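Nothing in this text is a laboratory measurement; each read-out follows from the coordinates by a stated rule. Quantities reported herein were computed from a predicted structural model and do not represent experimental measurements. Note that each Cβ is placed from the backbone with ideal geometry, even for glycine, and that neighbours are counted across all protein chains shown.
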Amino acid sequence: MLPWENIPVLRTQEVYRMPSIGSISAILDRSHHHQEQAGMNAAAFPLIDPLDAFYLLNPSGDLSSSQAAFEKWFRDQNIEGKAGIAPTVEELAGALKSHDLFIYIGLGSGAQYIPRHEIQKLENCAATLLMGCSSGSLSLNGQYTPQGTHLSYLSAGTPVRVANLWEVTDKDIDRFGKAMLDAWLRERSSPSVACAQCRLVPELKSMSITRGKGDAKKKIPRKKVSKACSSVVCED
């Protein structure tokens, strides 16, 4: 997948990836239905409070540097979440329904902690940051529809999903994720300042998408996913 969002002419614009025209139509229908239920005062695009968030940080226990970089920051912001331990499927599903934002920092897309079919059951879903390696990539199945965890979040009604298309080192992902969250909080406290997206351009320029120092947050192999999710049905 080509990184159209990072070409110079689009760097100061909001760009959203959608898998098909049909998916755009389905999301618009869902949005209109939600507005009808919420009443005429509901915003066409929901406001997302970055402090009304739930984080899942290093649930596999393999990324100690990421946990060290973010755990205190989350606590300082009084953000609810878990670090170093895996939640139950029910707990994670509840967090996705009851918060504005879900932040995942770990291996892959987090599908080993909540399978795709459980995400798709949700009537509403938080905005989603999947800060794992290749968390936004799709698995190609020949003539069949490509599949990916982030598409399940889209089907569940998430207003925004941010994910990585390729393998990126943990240090690069951590640096970008921290810069994005800091910029989001600055914009929340001072909405009149220049757009937060513009301030992320230097971070994007300096990121390495090839393996260097630091470990890439790779997808979990299917066998390991099965072991990690022995009590639930996991889809990769």
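Miscellaneous remarks
- Charge-dipole axis of the stretch 50-192 as Lys and Arg at +1 and Asp and Glu at -1 on Cβ define it, positive-most pick from 59, 173, 110: 173
- Inter-centroid distance (Cα atoms) of the stretch 165-188 relative to the stretch 54-68, Å: 14 Å
- Neighbour-count order for 18, 180, 131, fewest beta carbons within 10 angstrom listed first: 18, 180, 131
- This ranking places 9, 89 by how few other beta-carbon atoms lie within 10 Å of each, fewest first, which gives 9, 89.
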